[in-house]
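Values quoted throughout were computed directly from the atomic coordinates according to the rules given, and no laboratory measurement underlies them. Nothing here was measured: the structure is a model prediction, and the numbers come from that model. In this analysis, Cβ positions are derived from the backbone assuming ideal geometry, glycine residues included, and neighbour counts consider all displayed protein chains.
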């Protein structure tokens, strides 16, 4: 059941990060895509946060969200992709959400951003995946089982089992 739980977690994270990256890069889910609304808008926001060079980091962040979501969804290089996205979320918490406190802006109050609540949940879920790996129902798990079988076969051939 642990493998199934990790699969559900991986799919949920993959959907969230693909939506955000795909929105900026490809205009998916009603987003503007590359151009005046997508990466340009993201880079303008990064500038307000003091992140420079803003456009370069907007591109890196968007590609990381898309590529990382695909890797996490497949469970391939799960630990690395999760760690990279967790670092990205840590920066987002520090630069964008922490000044607004803990809670989201549920009322939509003007001039107030969202607190770190949601970003923290995403960050810690990514840290959990980075620590546990993708689980049995992942490409990483399949590769590990294959490596274990190969090692067991070599041990049998050497007469050590």
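Listed by position, the helices (runs of 4 or more DSSP H) enclosed by the stretch 37-118 that each have at least 2 residues that are more than 18 Å from the chain's Cα centre (by Cα) and surrounded by fewer than 18 Cβ atoms within 10 Å (Cβ to Cβ) are 39-48, 54-74. Screening residue 6 with (1) in contact (Cβ under 8 Å) with a residue 12 or more places away in the chain; (2) under 13 Å from the mean Cα position of the chain (by Cα); (3) within 15 Å of residue 127 (Cα to Cα) gives one miss only, at (2).
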